[in-house]
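Report on the structure given below.
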Amino acid sequence: MLRQLPNEKWTFATAAHLLNRAGFGGPPEEIERLVDLGPERAVSHFVDYGGLPEAAPDPAWAKPDPERAERLRAARQASPEERRMVQQAEQKNQRGRLIELRAWWLQRMAVGARPLQEKMTLFWHGHFATSAVKVRDAYLMWRQNDLFRRLGTGNWLQLLIGVAKDPAMLVWLDQAQSRKAHPNENFAREVMELFTLGEGHYTERDVTEAARALTGWSYDRMTQSFVARPLWHDRGAKTIFGRTGNFNGENFLEMLVAQPQAARFITGKLWSFFAGEPPGEELANALAAAFRSAGNDIKPLLRTMFLSEEFYAPSVLRNQVKSPVQWLVGSVRVLEFPLPPPLVCEALTRNLGQDLFAPPNVKGWDGGLSWITTNTLLARYNGAATLVQGNLAAAAGGMIANRPNAQRQPTRRFNQMRVRAVDADELFTEDERADIAALIAALERRLLQARLTPKQDQVLRDYLAGQPQLDEGAILNALRLVMSTPEYQLT
C-alpha cells in the first residue's frame, strides 16, 4: 500500500485533484504549473510551506485584553441597567470581532501562499470543534485558530498537549473548573472518544482516572491564558490503560498517543478528510505504520498520502462533496475574483451549513452528503448568482432569516453593499467567448476539470444557441448554470 504515483499518471486531472484537496482549488493556469512541476515537486509545493510568506497580519485586537475581565467584574457590581448596557456593548463588540475573524480566515484561505496550512487549520477546527457560542471571546477563538496553524502539521502529541492547554478548549469542555474535589470528566472523555481513540477503545474507569490526572489545568481570565493550579491537582495514584502511577495531564496524553488505536484513528480521519472516504483495513494499517515510523509527525504522513497512488484512485477523484467553506473559497479562486464583503461571506457559509467558529456540537460538522439538503442546495445555486452576477438578494434574505433576533444586522446595512459581477473577458479568451463549443470546453476545464454529462452539455448548448449573441450576460449565465450542476458540488 501507499505506492508512489508513477510520473506517467501525473496529468491535468491528478494535479487538479491535489490542488482541490490539499488546497482550495484554483484556475487552469495554476493547475498547469503543478503539472509542469511533476508529482514530487508539486506535493512539496504544498507540504513545505515554511519559507512562504504569511497571508495577512493578525487582527489588531488579537492580543490579551486584561481590561475586559475588569469591565465585566465591575458590571456585576453595577445597577441592573448599567450591567445590561455593559453586557450589550460587550456582546456587540464580540459579534463584530467574530465577523472580522471569519473574514480574516477566509481571506487567508483564498489568497494565501500556504493553502495546505489553512486546509489543516480547517481540519483541526472541525476535529477539535470549539464554538464561540459558549467561549464568547473572539480573542480566544483566534488564539485557538493560530494554535492549529502553528502546530497543525507538526508532532501529534505536542499538538494534543497544546489543545488541552488551550484557553478556548478549557472553557468549551469545562476543564478550567476541574479540581481534585470535583474532577470534571468532559475533556477526559472527549479527548478519548472524539479526538484520539474513538468509541470502544477506553473504559469508564479510564475516563474517571484521566479526569483526575487533568485536574489543575485551568484558565486565568485576567491574563486570558492557561494556568496550572497545583493546589487543585489530584496527586494520588491513578490507573489509566492498565498502568498505575501519580500521573498528571501530560503523562495521560503521552499514554493516550502511545495506544495502538491512536495512530489508526487520527490517520484514518486525516485520510477521510483529504480523500473523501474512509480507508480500508489494509490502507488503514499502512497509514498508521507510516505515521508511527515518522515519530507521530503529521507532515511526513501528508507527504506520503499526497504522493500515493491510492490518493488518486478513480474512487477518490471527484467523490467529495465540497464543504461550504471549500465551495466559497474554491469558487472565488476559480473565478479569480475577490471574496465578497465579510457580512456576505458570513451569510453564504451560514446558509450553506457551516458557520465558522460555531460548529453545531462537540463532534463538529458531519460533512459528506450531510452538506446537501434541499435548502442548502438552493442556497448554493443562489450563492452562485451572488458570486457570478453580483446578486445579493438571496444572500441577504438568508442572512436575515437565519440569524437570532439579537444578532441580526440591519437589513439596510446589508443591502447597501455591492458585489460586482465577474468579468468574463478576464476569464475567457476572445476565441472562447466567440464560439459555443470552445466556451463550454473552457467552462468545464475551469469549473469541473471534467466533462459535463451529455444531457447537461446539450442543455447548455441549447441555452447559448438561443441567445442573440455570446455577450457578457450570456456567458455569466453559463457560468452560473455550470456552478449549479451536481458535478460542481463535488471536488
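The values are calculated or read from the model by the stated rules, or taken from the named source; none is laboratory data. Note that the coordinates shown come from a computational prediction; the quantities given were computed from them, not determined experimentally. Glycine also receives a Cβ, built like all others from the backbone with ideal geometry; neighbour counts cover every protein chain displayed.
Residues checked against (1) of a type in the set (Phe, Trp, Tyr); (2) without any contact (Cβ under 8 Å) to a residue 12 or more places away in the chain; (3) surrounded by fewer than 23 Cβ atoms within 10 Å (Cβ to Cβ):
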| site | (1), (2), (3) |
| --- | --- |
| Met120 | no, no, no |
| Gly126 | no, no, yes |
| Thr130 | no, no, no |
| Glu199 | no, yes, yes |
| Thr203 | no, yes, yes |
Check your understanding: Hey, among the residues in region 272-290 that are under 16 Å from Pro314 (Cα atoms) and either surrounded by 15 or more Cβ atoms within 10 Å (Cβ to Cβ) or among the β-branched types (Val, Ile, Thr) (or both), which one's farthest from the chain's Cα centre (by Cα)?
Key -> Leu283
Practice item. Name the residue, out of Arg3, Arg108, Arg76, Arg95, that is without any contact (Cβ under 8 Å) to a residue 40 or more places away in the chain, over 28 Å from Phe428 (Cβ atoms) and not hydroxyl-bearing (Ser, Thr, Tyr). Key: Arg76
Exercise for review: Find the residue count for region 167-194, including only residues that are surrounded by fewer than 22 Cβ atoms within 10 Å (Cβ to Cβ) and either touching a residue at least 60 places away in the same chain (Cβ under 8 Å) or of a type in the set (D, E, K, R) (or both).
Suggested key: 8
Review point. Does Asp206 qualify as being touching a strand residue (DSSP E or B) at 6+ places or on another chain (Cβ under 9 Å) and part of a loop (DSSP other than H, G, I, E, B)?
Key: no
Exercise for review: Using the structure shown, decide if Thr239 is among the hydroxyl-bearing types (Ser, Thr, Tyr), assigned to a strand (DSSP E or B), surrounded by fewer than 20 Cβ atoms within 10 Å (Cβ to Cβ) and without any contact (Cβ under 8 Å) to a residue 12 or more places away in the chain.
Suggested key: no
Review point. Hey, among Lys363, Lys322, which residue is basic (Lys, Arg), surrounded by 18 or more Cβ atoms within 10 Å (Cβ to Cβ) and modelled with pLDDT of 95 or more?
Key: Lys322
Revision key, fill the gap. Note on Arg418: of the conditions (1) at pLDDT below 95; (2) more than 30 Å from Ala358 (Cβ to Cβ), unmet is (2)
Exercise for review: Go over the candidates Thr453, Thr429, Thr373 one by one and state the one that is among the β-branched types (Val, Ile, Thr), under 28 Å from the mean Cα position of the chain (by Cα), over 21 Å from Phe24 (Cα atoms) and modelled with pLDDT of 95 or more.
Suggested key: Thr373
Check your understanding: Quick check, is Glu336 in contact with a Lys or Arg (Cβ under 8 Å, 6 or more places away or on another chain) and touching a residue at least 24 places away in the same chain (Cβ under 8 Å)?
Key -> no
Check your understanding: Among the residues of region 234-241, is any of a type in the set (Val, Ile, Thr) and under 30 Å from Ala69 (Cβ atoms)?
Key -> no
Practice item. Just need a number here: residues in region 420-471 that are more than 24 Å from Leu490 (Cα to Cα), of a type in the set (Asp, Glu) and outside any loop (DSSP other than H, G, I, E, B). Key: 6
Exercise for review: Give region 45-70 a look and list any residue that's more than 30 Å from Gly96 (Cβ to Cβ) and surrounded by 15 or more Cβ atoms within 10 Å (Cβ to Cβ), or say none.
Suggested key: His45, Phe46, Val47, Tyr49
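Would a scan of region 330-340 turn up a residue that is among the basic types (Lys, Arg) and in contact with a Ser or Thr (Cβ under 8 Å, 6 or more places away or on another chain)?
no
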Practice item. Determine whether region 224-233 contains at least one residue that is surrounded by fewer than 21 Cβ atoms within 10 Å (Cβ to Cβ), of a type outside the set (Ser, Thr, Tyr), in contact (Cβ under 8 Å) with a residue 60 or more places away in the chain and more than 29 Å from Ala286 (Cα to Cα). Key: yes
